[in-house]
Amino acid sequence: MMKLPKGTYKGLAKILGPLLLWMIAGWAAYPPLLDKISLAMGETVDIDEIKLLSYIMMTACAMAGIIFIIYGYTGKEVADAEINALNTEKWPCPVCLSPQPAEAKKCKNCGKNIIR
Amino acid sequence: MKSLPNLNHKYIAIALGFGALSTLLATWGEMGLMSDTLPILMPFTPRDSTPITILMAVLIAPFVEELAKPLGLYLINAEEKPNFTLKEWAFLGAMTGLGFAIVENILYGSTVADSGMETAGWLIFLRFLLPLHMIASAISGFGFGLWVKTKNAKYFIICLLIAMVLHGLFNLAATVIG
């Protein structure tokens, strides 16, 4: 598999970071709300076990969220052209049939415009 | 939206709408896969339904749902051939996850409505506080973007697998402990 350029994952990190921080609120609310819901449904839950899971998940989400935000918002995000350059697919020019990159708008051989 | 210059409301609405519609596809797929694989995976029906619930939540649901959610992305790409950045694909992926979560959360809420509307409301609220579907779909949306740009499907498959594993682990924790 092709090696991706540096900074490729920054776009994803910018989306995931805030979502992971949002998830902390969910894990914080998990024990009291689950207790409330299960009581209303007439079921019992092991609240200590749930609290332990909640603390672990809150810590994990906070750490991952902060790491993603720092990674995403520092340094340079990869340029779109660098990712597009990884596309090695070639198509024949409709006029001279010489192989051209899939994204090419103009044939490098005959100079005609390529309409796809 | 300055940081997402190529996205407009149309694309966001398509992603949200098809994310919501994909719940139907996922439900149908889950039921079909469950009825086909259960006799093989569990030839003797256990007295306790817990293993079936775990199998459904940890293996079948993540597999089917993560495959169904990017439906809107496939259609946007097939119809419009947009030139989105990877961040925009990841954002659209998160929107399909949000659309899916809206319908799924309401469905889950309706299953506990017998215990009162307040209980249903709390369950829906709690589920909205845990944006797992948005996180998993953002990852698969990012992979979809890499696939579109590099024409290498491996990136999408890897991201889809990561999303499925993440979803499965989350469901395992919620089913076994919660």
Could you list all residues from region A:1-51 that are more than 30 Å from B:Ala153 (Cβ to Cβ), in a helix (DSSP H, G or I), of a type outside the set (Gly, Ala, Ser) and facing chain B (nearest Cβ under 8 Å)?
A:Trp22, A:Trp27, A:Tyr30, A:Leu33, A:Leu34, A:Lys36, A:Ile37, A:Glu49, A:Ile50
Return the residues of region A:62-76 that are open to solvent by less than 70 Å² (accessible area, probe 1.4 Å) and either farther than 27 Å from B:Asn6 by Cα or away from chain B (no Cβ under 11 Å) (or both); say none if nothing qualifies.
A:Ala62, A:Ala64, A:Ile69
Mind listing whichever residues of region B:88-117 are at the interface with chain A (Cβ under 9 Å from one of its Cβ atoms), open to solvent by less than 20 Å² (accessible area, probe 1.4 Å) and either free of Cβ contacts under 8 Å to residues at least 24 places away in the same chain or of a type in the set (D, E, K, R) (or both)?
B:Glu88, B:Val112
Here is a list of conditions, (1) without any contact (Cβ under 8 Å) to a residue 24 or more places away in the chain; (2) surrounded by 17 or more Cβ atoms within 10 Å (Cβ to Cβ), and A:Cys110 meets all of them except one; can you say which number that is?
(2)
Tally the residues that are more than 28 Å from B:Leu4 (Cβ to Cβ) and surrounded by 13 or more Cβ atoms within 10 Å (Cβ to Cβ), restricting the search to region A:77-95.
4
Pull up region B:7-20, narrow it to residues that are in a helix (DSSP H, G or I) and buried (at least 17 other Cβ atoms within 10 Å of the Cβ), then point me to the one that is nearest to the chain's Cα centre (by Cα).
B:Gly19
Given the structure, is A:Leu52 open to solvent by 40 Å² or more (accessible area, probe 1.4 Å), within 31 Å of the chain's Cα centre (by Cα) and not β-branched (Val, Ile, Thr)?
yes
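The values are calculated or read from the model by the stated rules, or taken from the named source; none is laboratory data. Because the structure is a prediction, the values reported are computed rather than measured. Every residue, glycine as well, gets a Cβ built from its backbone with ideal geometry; the counts of neighbours run over all protein chains shown. Side chains are part of the model used for accessible areas, which takes the heavy atoms of the whole protein and leaves out ligands, DNA and RNA. Shrake-Rupley method; radii C 1.70, N 1.55, O 1.52, S 1.80 Å.
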